[in-house]
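Single-structure report; data block below.
The values are calculated or read from the model by the stated rules, or taken from the named source; none is laboratory data. Bear in mind the structure is a predicted one, so any value in this text is a computation, not a measurement. Don't worry about glycine lacking a Cβ; one is built from the backbone with ideal geometry, like all the others, and counts go over all protein chains shown. Side chains included, ligands, DNA and RNA excluded: accessible areas come from the protein's heavy atoms. Shrake-Rupley method; radii C 1.70, N 1.55, O 1.52, S 1.80 Å.
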Amino acid sequence: TVKYNNLSMESYNISLTEHSSMPVEKNITLDRPSDIQLTCQLTTSRDLNSVNVTWKKDDEILGNDYLINATGNILYTQHRFTITNSKQMGSYSCVFQEEKEQRGTFNFRVPKVHGRNKPLISYVGDSTVLTCSCDDCFPLNWTWYSSNGSVQVPVGIQKNKYVRNGTYANETSLKITELLEEDGGSYWCRALFQLGESEEHIELVVLSFLVPLKPFLAIVAEVVLLVTIILLCEKYTQKKQPDSDNEKELEQIEQLKSDDSNGIENNVPRLRKTEPVGQ
């Protein structure tokens, strides 16, 4: 790293050809003021004098404070400037305009903050710790926010409720004690750098202790319902059984009566009819 005007000089390069089908991009992480040197080169078989070269900051064309040079079939352009604040961050593009436009873009951004991708689940009455960090960075400070819908509210430091901490400069943590269900929601950690801010979102879910029991209680309710149905069926069956027995007994009695009647009729002697003998 070369020192330039008491700031570090950061150099970045992009190479293009006349056959490049897509714009070429390079992402650059910057967390402190620096002198920047961007270089683009285009290799082409066409006449280099017919190629128009411009530089853009986002969609705005920059002035002519850049260099253009040609060697053989390679056209070079270099843009040199200083980034000292967040407004100077963004995308810088070199544009080579011939029959087909070729573009190379340098995207400057502050370090990305990393949190937790999945929701953090805890229970009422417990404590939990939310953590954020960034790689190889040194924020000026960290701030925590909770979101109420679309509005972010700074998390105040309340005794025995919120505790902010960080072992190293590139990390921060927020400890929340004696959790309530209303403590659940979205939390944001924000890192402030000399050249801008970066933030990350963490989702906290606070459950009551009844929540894990709900599946178990549902199963118990199903079992109770099933047992009740079985008992009712058995009771109905038992109630119906005596009626069937009574009906059978009545049928047997009727059958016996019928048999007895038939027996009496069969045992009565039949009288022969005699005709008087003629005198």
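How long is the gain from Asn73 to Asn165 if the chain were fully straight, where each residue apart is worth 0.36 nm and the alpha carbon distance is subtracted? Walk me through the numbers before you get to the answer.
Values: separation 92, 0.36 × 92 = 33.12 nm, distance 5.73 nm.
Between Asn73 and Asn165, full extension yields 27.4 nm more.
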The distance between the Cα centres of the range 34-57 and the range 85-135, in whole Å, is 27 Å
Got a sec to turn the phi values of the range 6-19 into Karplus ³J(HN,Hα) couplings, 6.51 cos²θ - 1.76 cosθ + 1.60 with θ = phi - 60°, whole Hz, x for Gly and Pro?
6, 10, 6, 9, 10, 10, 9, 10, 9, 10, 10, 10, 5, 9
R0 = 51 Å: FRET efficiency of Val205 with Asp59, Cβ-based, nearest 0.05?
0.80
The ³J(HN,Hα) series, computed from each phi in the range 111-121 with the Karplus coefficients 6.51, -1.76 and 1.60 at θ = phi - 60°, rounded to the nearest Hz and given as x for glycine or proline, is x, 7, 8, 10, x, 10, 6, 9, x, 8, 10
Computed over all unlike Cα pairs, the Kirkwood hydrodynamic radius of the range 102-167 in Å stands at 15.4 Å
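Please report, as a whole percent, how much of the solvent-accessible surface of the range 77-216 comes from carbon and sulfur atoms (probe radius 1.4 Å).
Details: 3860 of 7800 Å².
Here it works out to 50 percent.
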The range 1-57: trypsin sites (Lys or Arg not before Pro) falling in loop per DSSP and having at most 15 other Cβ within 10 Å:
Arg46
Please turn the phi angles of the range 179-190 into ³J(HN,Hα) values with the Karplus equation 6.51 cos²θ - 1.76 cosθ + 1.60 (θ = phi - 60°), one per residue in order, whole Hz, x for glycine and proline.
4, 10, 4, 6, 6, x, x, 9, 10, 10, 9, 10
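Here is the link list: Lys118/Lys161; Lys118/Lys175; Lys56/Lys112; Lys112/Lys161; Lys26/Lys112. Which ones come out longer than 21 Å on Cα distance?
Numbers: Lys118/Lys161 23 Å; Lys118/Lys175 18 Å; Lys56/Lys112 24 Å; Lys112/Lys161 28 Å; Lys26/Lys112 16 Å.
Pairs exceeding 21 Å: Lys118/Lys161; Lys56/Lys112; Lys112/Lys161.
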Amide H within-cut-off set for Glu25, under 5 Å, with H built and near neighbours excluded:
Thr105
